[in-house]
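What follows is a short report on a single structure.
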Amino acid sequence: MAIEIKGTGKGIPSRRVSNEELARQVETSDEWIRSHTGIGARHIASEENAASDLAVEAARQALDMAGLEAESLDLIVIGTATPDFQGCPSTACIVQNRLGAKSAGAMDLAAGCTGFIYGLETAAALLCIKRERRRVLVIGVDVLSRITDWNDRGTCVLFGDGAGAVVLEKTDAPSEGPGKRGLLRSILGADGSGAEYLMIRRGGSRHPWKAGETIDSSACLEMNGRAVYNFAVKAMTDTIENLLKEEGVGIEEVARIIPHQANARIVQAAGKRLGIPEEKFFLNIEEYANTSAASIPIALDELNRSGGLSRGDLVMSIGFGGGLTYGGNLIIW
């Protein structure tokens, strides 16, 4: 029995904001943003669109590629830090209703930018423990523009909005031995001691909004850039090494690595430490910036639709994010 990806999709807002346009709002420049992050533009959701709108678009594309109807889904898992509503209802429930996935359970998962990686492993486990479950829709979606301080030039240049989705299916293909396929192995990790390095401080039960309170600013993402950078490089290198060791394969056997698209310099630093050629990493951060939990499935969909993946390729995804969390997956395409 294998857990295979049968379809991919993405939902990208139509509004594209270039570095030059952003530089007219805050004190920065295209040269500075590109040299420090590798970002050239980002896509921003309209005021009418929330996370569920982008998620539904990505989901429909993934289902269409898989040749499936939403009614065939057994579960919907969404990784997001920017749900439509705080607490409840889950964004997954909203997506379930809009897709017409009447037989599917639905839940959100909070693991920051690592949400899609956590979602894949969670979905695979839930497929394995119940014989009747066959298909799960896994979505990573974030609308970071809603929690970005657009006056903070240190963070506002980094983020964009988007959604990516995959359909996971339990098949009769082998998951080990000759001809093995699908999701082979995952690593999920966390270091809560760094929780304050990347957080939305206001709005939860620790620091709730209070009646009559004068609000000077909305709940925005706060980040200790240097601390997150150091954590991310180590998390990437350790996870890559551990995935390879646990699966007993060499880096030369991996066709492509799809990293979380947070900062091209993080990926380059990790690759340099491990001696991995830069071309083995698939990066689209120049166009989309950091879309949090959506970044890996968006990149996966682009790579898939462009013909960059062949059946039997060994693919690795690597992520890190708020929590702090980190993780990775090994998949035979």
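The values are calculated or read from the model by the stated rules, or taken from the named source; none is laboratory data. These numbers were taken from a predicted model, which means no experiment stands behind them. Glycine gets a Cβ as well: all are built from the backbone with ideal geometry, and neighbour counts include every protein chain shown.
In table form, for the structure just shown:
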item: Selected residue (only one of 106, 111 is over 21 Å from residue 258 (Cα atoms) and not aromatic (Phe, Trp, Tyr)); result: 106
item: Meets criteria (modelled with pLDDT of 90 or more, buried (at least 16 other Cβ atoms within 10 Å of the Cβ) and either under 18 Å from residue 291 (Cα atoms) or not polar (S, T, N, Q) (or both)) for residue 190; result: yes
item: Residue, surrounded by the most Cβ atoms within 10 Å (Cβ to Cβ), within the range 64-82, restricted to residues that are under 19 Å from residue 9 (Cα atoms) and not aliphatic (A, V, I, L, M); result: 79
item: Inter-residue pairs, beta-carbon under 6 Å, first in contact (Cβ under 8 Å) with a residue 24 or more places away in the chain and among the polar types (S, T, N, Q) and in the range 294-320, second part of a loop (DSSP other than H, G, I, E, B) and surrounded by 18 or more Cβ atoms within 10 Å (Cβ to Cβ), 6+ apart; result: 295/260; 295/261
item: In the range 115-133, the residues that are at pLDDT 95 or above and either surrounded by fewer than 17 Cβ atoms within 10 Å (Cβ to Cβ) or assigned to a loop (DSSP other than H, G, I, E, B) (or both); result: 125
item: Residue, modelled with the highest pLDDT, within the range 208-239, restricted to residues that are farther than 22 Å from residue 155 by Cβ and of a type in the set (Gly, Ala, Ser); result: 211
item: The listed residue being out of contact with any helix residue (DSSP H, G or I) (no Cβ under 7 Å at 6 or more places or on another chain) and either closer than 30 Å to residue 333 by Cβ or assigned to a strand (DSSP E or B) (or both), out of 177, 204; result: 177
item: Helices (runs of 4 or more DSSP H) wholly inside the range 217-307 containing at least 3 residues that are touching a strand residue (DSSP E or B) at 6+ places or on another chain (Cβ under 7 Å) and crowded, with 18+ Cβ neighbours inside 10 Å; result: 225-247, 295-305
item: Top-ranked residue in the range 164-187 [being out of contact with any Pro (no Cβ under 8 Å at 6 or more places or on another chain) and aliphatic (A, V, I, L, M); ranked as surrounded by the fewest Cβ atoms within 10 Å (Cβ to Cβ)]; result: 173
